[in-house]
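These notes concern the structure reproduced below.
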Amino acid sequence: MSAKSEPAVPAHARIAFIGGGNMARSLIGAQLARGVPPAAITVAEPRAEARGALAREFAVPTFSDNPAAVAGADCVVLAVKPQVMRAVCTALAGPLRGANPLVISIAAGVRIAQIERLLGDTHAIVRCMPNTPALVGAGAAGLCANRHVDAGQRALAERLLDAAGIVRWIDDEAQMDTVTALSGSGPAYFFLLVEAMEDAAVQLGLPRDTARALAAQTCLGAGHMLADGTETATELRKRVTSPHGTTAAALDTFEQGGFRALVERALDAAKRRGAEMSAEMDTRQ
């Protein structure tokens, strides 16, 4: 039985980043760490100081002009804020016409159909929702593709994003707002919990630096156990919760305070805000 053939992907696809912010920087760094040559990556960034920093840190070609950056690119990453996506895509529609690179958007709340209306509906487009742990190589990204994305381009999108963490394909784009609420915004929920744990420990008498170190390391260790994948969160929670013990007392207090319902309402609020951001883009001139 022959091995399944892998989709063809260029050894070093030419990747253009529109926007040189933190997420773009994390993806650029991850590509270079994988052996992609700096010359295969271009970055368009309007701020001169940021362009200089990108060139010094990564030795990649930088541009103040978006069309110049995308010339000859196999993949264009739209790493800009949702508020400026309309202007960016409108300016790129002409330069990208006929070239048809893979277009990857990492802007929250911006639908594939909205990008198609701005760039043209023949482009291969992947909508991506990464998160900030990508900055330390521990990101989680949901990906959704339109009908024009072929197997090689899916592999290219995966290779770009999984260099900074894990990726999961989402078949129904409507679920991308849930991905945004879960993993896109999720790091902030985690930081809030650690912040609250630290503050509570200080109120109970621990020095601030000790409380901070213990809270951070505890969450790091718990995260490693969960990421190992051999046991679910439910199984791990049960394993560390002795009947009538200290952990059980704390968890009972969480439950009495409606912790699960609160988390559900929080994710629903984030999901609804994602849909609102999409609607706002349709009305923005």
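Throughout, read-outs are computed from the coordinates displayed, never taken from laboratory work. The model shown is predicted, which means the values in this text are computed figures rather than measured ones. All Cβ positions, glycine included, derive from the backbone under ideal geometry; neighbour counts span all protein chains shown.
Numerical summary
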item	result
Principal-axis tilt of helix 246-256 within the chain, Cα atoms, nearest 10 degrees	70
Listed residues 240, 194, 36, most fluctuating in the chain (Gaussian network, C-alpha, under 10 Å)	240
In degrees, nearest ten, helix 82-96 long axis to first principal axis of the chain (Cα)	30
Helix 151-162 axis, angle to the chain major axis (alpha carbon atoms, nearest 10°)	50
Most to least packed among 104-114, 245-255 [average Cβ atoms within 10 Å]	104-114, 245-255
Peptides ranked, highest mean first, by Cβ atoms within 10 Å: ranges 130-137, 276-283	130-137, 276-283
Long-range amide H partners of residue 125 with built H, under 5 Å	103, 146, 148, 149
Residues with amide H under 5 Å from that of residue 165, placed H, sequence gap 5 or more	139
For the stretch 15-177: Kirkwood Rh in Å [reciprocal of mean 1/r, alpha carbons]	15.5
Choice from 24, 215, 124 showing the highest fluctuation, given a GNM over the chain with Cα pairs closer than 10 Å	215
Mean separation of Cα contacts under 8 Å (6+ apart) over length of the stretch 186-274, as relative contact order %	13
Mean separation of Cα contacts under 8 Å, 6 or more apart, over the residue count of the chain: relative contact order %	15
Per-q log10 I(q)/I(0), the stretch 170-281, q = 0.14 Å⁻¹ (Debye; single scatterer per alpha-carbon; no solvent)	-0.78
Antiparallel bridges, percent of DSSP beta bridges restricted to the stretch 15-177 (to nearest 5)	15
Dipole of the chain [Lys/Arg +1, Asp/Glu -1 at C-beta], most positive-end residue of 148, 137, 93	93
Furthest towards positive pole of dipole, 233, 281, 254, structure part the stretch 172-285, Cβ charges	254
For residue 77, distant residues with modelled amide H under 5 Å away	16, 17, 18, 104
Within the chain: Cβ-based charge dipole about Cα centre, in debye rounded to nearest 20 (Lys, Arg +1; Asp, Glu -1)	460
Fluctuation leader among 60, 202, 126 - the chain, Gaussian network, Cα springs under 10 angstrom	202
Prolate/oblate/rounded call for the stretch 130-188, Cα gyration tensor, a/c under 1.5 rounded	oblate
Selected from 16, 203, 106, residue furthest toward positive end of dipole (the chain; charges at beta carbon)	16
